[in-house]
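Written below as structure tokens is the structure these notes are about.
All of the numbers you see were taken from the coordinates with simple rules; none came from a lab. Since the structure is predicted, the reported quantities are computational estimates derived from the model, not experimental observations. FYI the Cβ positions are ideal-geometry reconstructions off the backbone, even for glycines, and counts take in every protein chain you see.
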Amino acid sequence: MVYYKKGVSGNMYSKDSYNYGRHGRKRRLKPISVIITLLVIILISGGLYFLLFNGKNKYEDYTTYNTNNKQYGTVKHYEKDNDQFYVSLYYPKVKEKNLNKIIKESYTTYLKSEKKKKDQKDILYLDYSCKKIYKQYVVVELDYKRINENETKTKATKSIMTYDCKTNQLVALKDCLHGKYGDLLNTLGVNEYNKESTLIKVDKDSFTYYTDDTLKNKIVINYKEYKDYIKLANKNIPSNAPLGVKAPKLMKVDPKKKMVAITLDDGPHKTLTERAMNAFEKYNGRGTFFELGQNMNLYPDIVKSVYERGHEIASHTYQHAQLPKLDATALDEEIKKTQEACFKACGTEPTLVRPPYGAKNDAVKSAFNTYGLSMILWDGDTEDWRYSKATDGAQIVCNNIIRDAKAKTGDGNIVLIHDIHENSVAGLEMALDQLSKEGYQFVTVSDLIKYKGHSEYK
């Protein structure tokens with residue numbers, strides 16, 4: 001038989017028996033340990049939740065960009081985090097390969113220019129805007145920022161550029177205006193300017209020229225208001241510039257090779273100028289044609305061809321006058337009419353000028369300067385005109401070209417001939433063949449100046 005202890009109803013163990021355990025030992029409860037454990041679990045869980053859902057990355061503000069100003073191209077991102085900087089650069093990728101290269105050079109140069117500060121890790125950030133104007137001009141604004149470690153101080157740097165998809169290069173001030181635009185700039189309060197400056201922002205109704213690198217000072221040129229000065233050529237832009245002119249096919253110059261700039265005066269000629277261009281191009285060369293304004297008006301299509309084929313058009317004034325003998329008005333007309341004739345034919349103007357007979361004085365030099373023209377003379381004069389009727393004239397001209405190309409150091413010379421004489425062009429053809437075999441390149445005067453320098457380029 002089984003006997004049950006009095007007071008125990010239906011259970012083997014009473015409440016007291018649980019507190020004391022099965023063997024009569026009193027249980028020891030641990031409420032403090034339990035509470036601590038629970039608190040730790042709560043804190044860990046809360047921390048994880050905060051980090052996962054509510055936590056803010058230190059650089060979160062610099063991993064985003066403005067989505068409202070990127071009408072053209074695609075957004076690319078460069079990110080780098082090291083002991084020196086946190087770098088986050090947003091920049092555009094466009095279909096114009098040369099522009100991509102220019103943009104890359106910009107931010108690469110910026111990164112190299114920023115120096116590490118001791119015991120500080122700064123943030124380098126780039127955002128941008130990019131748009132296309134009239135399917136020809138790509139306007140890019142690069143906004144660089146350097147933020148100190150505590151995000152209390154920001155150093156901002158901006159870069160502005162406009163790329164011409166037709167010429168595949170950045171637009172400079174000289175590409176926007178023509179004529180005596182220095183006078184225009186003076187009336188607008190700009191006394192000093194850089195015609196080579198690419199701090200240009202082309203827009204639909206005007207363009208902006210930033211007069212210094214800080215971009216704090218600028219002038220806005222309205223197309224309609226200043227139509228007679230506008231050089232930008234587009235059907236949507238009020239301008240006197242001719243449309244349909246192709247971008248020039250420029251040669252690739254090897255700076256390490258010998259070069260000579262052969263210049264041709266008094267053209268263009270209705271047939272011989274074309275023949276001279278063919279001769280240069282046979283050897284992947286280019287020439288500089290010092291043309292008369294009156295002949296430009298006679299043969300505008302040839303002027304356009306010279307430009308489009310990548311040769312250089314320079315001024316030889318309008319009608320080959322003795323410039324020092326002219327009064328100020330007549331001198332100005334000789335220059336002005338030549339610039340206008342060239343612009344009308346091909347949409348550009350000469351930047352180089354050769355005074356007829358090499359005749360010059362201070363007044364002549366000053367007049368050239370008002371049009372932004374650099375005066376170019378020569379190292380060697382073949383005097384080819386003397387042999388225009390000679391039976392052996394072509395050979396003599398050939399010999400003289402080779403002689404003058406090799407004069408002095410044999411490299412970097414400017415040689416003078418004329419493209420209005422049959423013997424001169426025939427002599428040119430023979431001389432180019434011989435000089436090419438001796439390793440010479442045939443370059444424009446501007447390229448010669450760029451790679452070799454020259455005292456006459458002033």
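The sum of -39500 (n - 2.57) across all DSSP H runs of n ≥ 4, divided by the residue count of the chain, sets its helix-only mean residue ellipticity at 222 nm to -9500 deg cm²/dmol. From Cα pairs below 8 angstrom and at least 6 apart in sequence, can you work out the relative contact order of region 206-265, rounded to a whole percent? Computed value for region 206-265: 18 percent relative contact order. For the charge dipole of the chain, defined by +1 on Lys and Arg C-beta atoms and -1 on Asp and Glu C-beta atoms about the Cα centroid, which residue among T288, S366, Y193 has the Cα displaced farthest towards the positive pole? The listed residue farthest towards the positive side: Y193. Each Lys and Arg contributes +1 and each Asp and Glu -1, all at the Cβ; summed about the Cα centre of the chain, the dipole is approximately 4600 debye. Of the labelled options (i) 0.96; (ii) 0.99; (iii) 1.38, which one gives Rg/Rh (Cα atoms, Kirkwood Rh) as computed for this structure? Entry (iii). Across the chain, Cα pairs under 8 Å and at least six residues apart give a relative contact order of 11 percent. Each peptide in 147-159, 333-345 gets a packing score, the mean of other Cβ atoms within 10 Å over its residues, and the list from highest to lowest is 333-345, 147-159. Dipole orientation for the chain: of the candidates A247, V139, Q84, Q84 has the Cα lying most toward the positive pole (charges on Cβ; Lys, Arg +1; Asp, Glu -1). May I ask you to list the aspartates and glutamates whose Cα is less than 20 Å away from that of K101, ignoring any residue fewer than eight positions away on the same chain? Of all the aspartates and glutamates, those that pass the test against K101 - Cα under 20 Å, at least 8 places apart if same chain - are E79, D127, E141, D143, D164, E196.
About its Cα centre, the dipole of region 96-204 is roughly 280 debye, where the only charges are +1 on Lys and Arg Cβ and -1 on Asp and Glu Cβ. For region 299-433, the number of Lys pairs with C-alpha atoms closer than 29 Å, counting only pairs eight or more positions apart or on separate chains, is 21.
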